[in-house]
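Accompanying notes for the structure given below.
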Amino acid sequence: MAKARTLKTKYLIIGNSAGGIGAAEAIREVDKAGSITIVSDEPYHCYSRPLIAKYLTGERTFEGMLFRPLDFYEQNAIDARLGHTVTGLGLDKRTAALESGERITWERLLIASGGVPIVPDTTGLDKRGVFNFISLDDARAISELVDSATKAVVIGGGLIGISATEALSKRGLEVTVVEMKDRILNTILDEEASRMAAETLENAGIRVITDNTVAEIMGKDWVSSVVLSDGEEIPCSLLVVAIGVLPRIDLVQGADIKVNRGIVVDRTMATNYPDVYACGDVSEAYDFVLDTNRLTPIWPNAHIGGRVAGYNMAGVRTEYPGGTAMNSLNYFGLDIAAAGIATPPEKNVYECVSRREDGTYKKLVMKDDIILGMVCIGDIEKSGILYSLMKDRVNVRKFKGALLADNFGLVSLPRRLWRERLGAPQPEQVVELPEEEEMEDVMDE
Amino acid sequence: MKKIYVREEVCMGCGLCRVYCQTEHSRSKDIIKAFKRETPRPLPRIRVERNGETCFSIQCRHCDEPVCVYSCLTGAMRKDPASGTVTIDADRCTGCWTCILVCPYGALTRDENRKAVAKCDLCPDQEVPVCVANCPNEALVLTIEEIAH
Ligand SMILES: Cc1cc2nc3c(=O)[nH]c(=O)nc-3n(C[C@H](O)[C@H](O)[C@H](O)COP(=O)(O)OP(=O)(O)OC[C@H]3O[C@@H](n4cnc5c(N)ncnc54)[C@H](O)[C@@H]3O)c2cc1C
């Protein structure tokens with residue numbers, strides 16, 4: 001047997017997705033020469049994970065899911081080891097072991113390993129026809145069966161479950177989604193918005209079951225039906241389990257790295273261990289709404305956290321501005337933008353204002369005149385202005401009334417705020433425009 | 001890089017910037033045809049905001065730290081390193097509108113026909129973006145600035 005190779009790299013990044021790519025790009029902006037190695041067990045060029053739903057519907061090919069052009073690694077001089085699993089870390093010696101037997105020594109490490117699907121303890125999960133929905137491979141495997149199936153059940157009415165539900169329905173399957181809590185998308189939306197989302201699904205022919213769960217998965221070799229806690233049996237030949245993801249912390253289990261639910265990082269995305277950073281779904285990073293660290297497993301937070309990690313790894317001190325739970329969704333054409341705390345835990349401490357008109361809905365959750373949560377449905381084009389007020393923790397007391405108005409816009413904010421946003425030109429940089437002679441000629445006549 | 005600023009004290013809120021923007025982003029580039037005959041109707045990428053006597057127009061700021069680019073789920077949005085322009089590749093855009101939710105300016109528009117975001121592209125075919133060139137009161141000004149790194 002050939003002797004296992006040892007590879008040396010300055011920056012080792014585990015994970016070739018939102019976080020890992022963000023870090024690699026930031027490193028390359030400031031360090032043109034330092035060697036970068038990205039390892040991922042998924043054997044694919046970096047792709048947009050949320051687009052697996054569009055892959056399943058057939059709206060996107062794999063090529064159409066690529067997050068960066070095909071020459072990305074080459075252009076950025078990145079050694080991409082795709083289809084390789086990191087099986088262990090030696091933090092004190094700064095090494096990583098690959099499944100292939102190779103070893104990598106590194107100077108700075110980023111763990112951007114994302115999440116693993118939560119597995120319920122339901123019996124029968126090992127039957128064929130049962131899938132998760134978090135990777136391209138999942139979408140591919142489901143895709144292959146979709147045409148021979150007529151009925152599908154999705155367990156879990158969260159973001160991923162509803163994405164799978166919509167995709168399967170668009171492929172012509174009769175889909176039932178089963179949510180344990182009393183409403184779908186309950187961690188992202190408030191009650192009213194959840195209801196609107198559920199209605200939209202139902203109008204598309206989907207059965208939405210809440211306050212219930214799958215107790216048993218039936219079938220011999222292949223899944224043939226599921227039995228719910230209340231005894232109802234629903235036939236299906238495809239079952240998607242989407243009850244959530246947990247940080248993929250296997251590599252740091254038992255190591256001297258602080259882990260709460262995810263790997264705890266400071267505002268530079270550094271862990272407590274020197275030169276080891278983490279970002280994305282695996283990390284617990286700063287949330288500006290709750291003013292504490294927590295899991296916020298969304299793509300933008302992973303990417304921005306990755307960029308911040310990358311700059312710091314390359315020696316350029318940068319602070320993570322903080323993220324929060326923030327989602328822009330559109331199921332069957334219903335546009336939803338939501339962020340922060342959509343449903344306040346204690347009603348009397350928080351102030352909620354909302355406005356519902358046919359097809360549109362807006363709600364703000366505030367405390368001491370600071371926006372802490374928002375939901376916009378239908379009319380979402382100005383949602384970014386509200387989100388920025390929330391992010392900047394602007395006191396909105398004086399213009400609260402304008403925030404939900406139809407004609408709300410930048411100009412509805414106090415002058416100081418919009419003036420700052422518009423910016424002002426430096427006189428010496430202004431381009432002199434040519435005189436418009438033709439215009440004057442016409443006017444003279 | 002090019003940047004556009006508004007001097008709101010001389011903006012009359014006439015909306016011509018929007019009309020020219022819409023025409024420039026039409027297929028015919030003809031003001032009448034663009035409005036009356038083109039389906040789908042071309043979208044303007046500039047908004048005119050009014051509140052009593054105050055008015056100004058606003059389009060993509062082509063930010064130095066473009067949070068829309070960093071939040072883009074598909075890689076459709078980029079900041080061109082050479083020109084500093086924030087661009088959208090409509091074929092790669094999936095219309096998730098995450099960029100809209102993070103834009104502090106409300107400067108992005110949904111193109112429902114293409115299921116892609118529509119935004120100011122600084123008029124790549126023109127030396128001077130049409131909103132600036134056609135503002136009757138010179139309320140819109142163009143600058144050439146260094147790209148911040
Ligand atoms: C169906 C679906 C829809 C979604 N929709 C949205 C949405 O609309 N908006 C949104 O913001 N977010 C959405 N998300 C969430 C988003 O995709 C994640 O937040 C994001 O992918 C997190 O990025 P990451 O870099 O932290 O990790 P991941 O994308 O999970 O990538 C981690 C990578 O590291 C690899 N890896 C882990 N451990 C090892 C190891 N030991 N060795 C080698 N490789 C390893 C993994 O295999 C994986 O490839 C969606 C997710 C799914 C599944």
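Read the figures in this text as sums done on the coordinates, not as results from a lab. Since the structure is predicted, the reported quantities are computational estimates derived from the model, not experimental observations. Don't worry about glycine lacking a Cβ; one is built from the backbone with ideal geometry, like all the others, and counts go over all protein chains shown.
Looking at segment A:202-299, which chymotrypsin sites (Phe, Trp or Tyr not before Pro) are DSSP coil and have at most 14 other C-beta atoms within 10 Å of their C-beta? Please list the in-between numbers first.
Numbers: sites: A:Trp222, A:Tyr277, A:Tyr286, A:Phe288; in loops: A:Phe288.
Nothing satisfies the criteria.
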Legend entry - Burial ordering of B:Cys93, A:Cys279, fewest other beta-carbon atoms within 10 Å first: B:Cys93, A:Cys279
Inset, instruction - Filter the trypsin sites (Lys or Arg not before Pro) in segment A:291-392 to those in DSSP coil with at most 13 other Cβ atoms within 10 Å of their Cβ, and list the result. - result: A:Arg317, A:Lys347
Legend entry - Loop-located GluC sites (Glu not before Pro) in segment B:57-149, at most 12 other Cβ atoms within 10 Å (DSSP): B:Glu127, B:Glu138, B:Glu146
Inset, instruction - Mind sorting A:Ser388, A:Ser224 by how few other Cβ atoms lie within 10 Å of their own Cβ, fewest first? - result: A:Ser224, A:Ser388
Inset, instruction - With an 8 Å cut-off on Cα pairs and a minimum separation of 6 or more residues, tell me the relative contact order of segment A:342-445 in percent. - result: 16
Inset, instruction - Post the alpha-carbon centroid distance, segment A:116-132 to segment B:23-74, in whole angstrom. - result: 47
Legend entry - Charge tally in the Cβ shell below 10 Å around A:Val226, where Lys, Arg are +1 and Asp, Glu are -1, A:Val226 excluded: -3
Legend entry - Label point distance in nm, A:Arg317-A:Val431, each placed 7 Å from Cα along Cα→Cβ: 3.9
Inset, instruction - Be a star and scan segment A:412-432 for residues whose amide nitrogen sits under 20 Å from the point 7 Å along the Cα-to-Cβ vector of B:Glu65. - result: A:417-424
Inset, instruction - Could you calculate the FRET efficiency of A:Lys181 with B:Ile147 from 1/(1 + (r/R0)^6), where r is the beta carbon distance between them and R0 is 45 Å, rounded to 0.05? - result: 0.40
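Determine the sum of side-chain charges near A:Pro50: Lys and Arg each +1, Asp and Glu each -1, restricted to other residues whose C-beta is under 14 angstrom from that of A:Pro50.
Values: positive: A:Arg49, A:Lys54, A:Arg60, B:Arg92; negative: A:Glu59, A:Asp138, A:Glu166, A:Asp281.
Charge balance in the 14 Å sphere: 0.
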Inset, instruction - Would you mind telling me the antiparallel percentage of the DSSP bridges in the protein assembly as shown, rounded to 5? - result: 65
Inset, instruction - Enumerate the calculated ³J(HN,Hα) couplings along segment A:163-170 in order (Karplus 6.51 cos²θ - 1.76 cosθ + 1.60, θ = phi - 60°), each rounded to whole Hz, writing x wherever the residue is Gly or Pro. - result: 4, 5, 4, 4, 4, 5, 5, 5
Inset, instruction - Just add up the charged neighbours of A:Asp275: K/R +1, D/E -1, any other residue whose Cβ is under 9 Å from the Cβ of A:Asp275. - result: +1
Inset, instruction - For B:Lys29, list the lysines whose Cα falls under 25 Å from its own Cα; do not include residues on the same chain fewer than 8 positions away. - result: B:Lys2, B:Lys3, B:Lys115, B:Lys119
